[in-house]
Amino acid sequence: MQSSNASMRVMSHDALHFTARRSRWLARLVVVTRILLAIGFVPTGLVKLLGRRFTEIPASEGPIWSFFEAMYQTGAYWQFLGAARLGAGVLLLVPRTAALGALCFLPIMLNIFVLTLALEFTGTPLVTGLMLLAVVFLLLWDFPLWKGFFSAAPAVIPPKLANPAWRELERALLTAGTAAGLIVFSVLRGLLPSGFVLPALAVGATAALALGSVWLLQDRRDAPTIDPAV
């Protein structure tokens, strides 16, 4: 009886996940979430990997900045943190390795969230908590893949809804928006001159508006028609 109940729960979880994976807008939210996390962490990771300070605020300003300065002074550990964030961000941007990237981000974001709580950052735990939830969301999206590691049953992931006629345009707009976001954050981290900000913002805004329009138009074109006589 217990085995039967367990099987029913697994089936309900699988059915719920299958339904979620058939949602075109949830699939789009997954892509956008991956891009936003990568944009936030790739430039930051590169700063640390290059051995630069995360912030120029002096350690005398308080324990929070003393903590960052102490990590910076370790040298190799600071660069290791940067390499981990950079690597996880790059993995997220590649569709074939995005699930692995989300898994790598779980300990990174959990550590950052606990750190902001421990050091009593004002308001920051809310932001890092939402980012941690975003990582959990990405992991749940690939639930059958992770289940396959602990079960003999094959991990079957239902296909996402995608119209081949729009795929290349969507990919181009997503690439343009991602590049623009990476440029803006690279400027904020001191990796690029400030003159890149306005052009990148213009490209990013244009790509976002165009992508939203494409998605809405695609949904209207692909919507099933209903015979009013029925």
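Is the C-alpha gyration tensor of the stretch 73-152 telling us rounded, prolate or oblate? Criteria: a/c under 1.5 is rounded; beyond that, a/b larger than b/c is prolate, otherwise oblate.
oblate
Please list, in order along the stretch 94-102, the HN-Hα scalar couplings obtained from phi with the Karplus expression 6.51 cos²θ - 1.76 cosθ + 1.60 (θ = phi - 60°), rounded to whole Hz, x for Gly and Pro.
Taking θ as phi minus 60°, the curve returns 9, x, 6, 10, 4, 5, 5, x, 5 Hz for the stretch 94-102.
Bear in mind these aren't lab numbers, they're just calculated from the coordinates by the rules spelled out. Since the structure is predicted, the reported quantities are computational estimates derived from the model, not experimental observations.
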